[in-house]
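Asker: What follows is a structure written as structure tokens; I'll ask about it next.
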């Protein structure tokens with residue numbers, strides 16, 4: 001797969017489905033391994049996985065109704081999409097209140113998360129409390145199967161999802177230790193280094209509230 005994210009072919013979902021279908025039928029160990037290698041050679045790449053979640057989705061929907069929250073989701077997506085692109089990312093999809101993006105490097109993913117939350121804060125000043133939007137973000141780094149401009153699969157996707165949806169609070173970015181190892185940012189000593197265990201998976205990560213990072217480093 002091409003190294004330049006924006007030069008990657010944005011087709012191939014049918015090809016991917018076909019390869020997975022063929023893989024599922026194999027029983028011979030050698031053939032299975034060859035098929036596995038073929039899938040990774042065709043769709044495998046390395047980079048940062050970004051998954052965002054809108055804070056208080058369930059509780060707010062119950063209080064004000066799902067139509068109100070769908071309006072907020074629409075507004076959030078209008079902010080998220082251009083800022084992901086501005087920071088060299090590929091927004092793959094938005095599903096309900098979650099957005100999924102891929103970046104070639106960790107710093108672009110962190111920069112996007114901070115830019116998005118900063119823009120949301122600016123917009124929030126114009127609205128009442130019930131209209132305000134806050135995101136939590138999880139970021140991991142590693143090998144994934146990137147299927148065109150629609151989907152990705154892999155351990156970093158699972159980890160980023162758990163961070164963004166289960167552990168991060170509003171306006172907070174949680175970045176795994178292995179993603180930080182691919183970052184040029186200087187993480188403050190005051191930033192919390194945490195360890196969580198979810199579904200028998202141990203995740204080492206750093207909490208990055210917007211106030212923790214000198215934003216001049218992100219320019």
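Computed from the coordinates by the stated procedures, all read-outs in this text should not be read as laboratory data. Bear in mind that the values here come from a model prediction, so they are computed numbers and not experimental data. Cβ sites come from the backbone with ideal geometry, for glycine too, and all protein chains shown count toward neighbours.
Asker: Using only helices, what value at 222 nm comes out for the chain when you add -39,500 (n - 2.57) per DSSP H run of length 4 or more and divide by the total residues, to the nearest 500 deg cm²/dmol?
Answerer: -12500 deg cm²/dmol
Asker: Fully extended, how many nm does the chain gain between residue 38 and residue 64 (0.36 nm per residue separation, minus their Cα-Cα distance)?
Answerer: Separation in residues times 0.36 nm, less the Cα-Cα distance, equals 4.5 nm.
Asker: Using a basic spin-label model with each label point 7 Å from the Cα along Cα→Cβ, how many nm lie between residue 184 and residue 201?
Answerer: Taking the two extended label points, one gets 2.9 nm.
Asker: If every alpha-carbon in region 66-122 counts as one equal scatterer, what log10 I(q)/I(0) does Debye give at q = 0.12, 0.30, 0.31 1/Å?
Answerer: For the requested q values the scattering log ratios are -0.27, -1.26, -1.30.
Asker: If I model region 90-219 as equal point scatterers sitting on the Cα atoms and use the Debye formula, what is log10 I(q)/I(0) at q = 0.09, 0.14, 0.15, 0.21 Å⁻¹?
Answerer: -0.25, -0.62, -0.71, -1.35
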